[in-house]
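See structure below.
The values are calculated or read from the model by the stated rules, or taken from the named source; none is laboratory data. Computed from a prediction, not measured in an experiment: that's the story for all the values here. Heads up, the Cβs are rebuilt from the backbone with ideal geometry, glycines too, and the neighbour counts pull from every protein chain shown. These area figures cover heavy atoms from the full protein model, side chains too; ligands, DNA and RNA do not enter into them. Shrake-Rupley method; radii C 1.70, N 1.55, O 1.52, S 1.80 Å.
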Amino acid sequence: MHQQPASRSCANEAIGGDHWGPINIYMAKVDDALTAVGSSSDWFKISEMGLPSNNPEYWATEVLDDNCGHYTFTIPSIAPGQYLLRAEVSALHVASTV
């Protein structure tokens, strides 16, 4: 996952800056993954990472930066069939106060 649509170079941070937050991965079972409409699918969460360390504070988005945009997760044991997969990164943009 990278914020730069035209560049997936590891020379650039995947998310970068002070954009700290969690990663969530979802799947949705569909009849045909080629024609399915994601916005009307029934999504279920299969992975999440928030704050893996709070001393020092270290967010999931920093994991992306440290690993060239890669985030490893395990797809659970699910029924055979076709699925959509959605990766979501939520970031606080330079938030400094509550």
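If you take the charge dipole of the chain about its Cα centre, with +1 on Lys and Arg Cβ and -1 on Asp and Glu Cβ, which of His70, Ala14, Leu84 is farthest toward its positive end?
So the residue furthest toward the plus end is Leu84.
Taking only protein heavy atoms into account and a 1.4 Å probe, give the accessible area per residue of the chain in Å².
On the way: 6530 Å² over 98 residues.
That works out to 67 Å² for each residue.
So, with +1 on the Cβ of K and R and -1 on the Cβ of D and E, and no other charges, what is the size of the charge dipole of the chain about its Cα centre, to the nearest 20 debye?
On the way: 4 positive and 11 negative charges, 46 e Å.
About 220 debye.
Taking 10 °C and 1.306 mPa s as the conditions, I'd like the Stokes-Einstein D for the chain in µm²/s, using the Kirkwood hydrodynamic radius from alpha carbon pairs.
Numbers: Rh = 15.0 Å.
Answer, rounded: 106 µm²/s.
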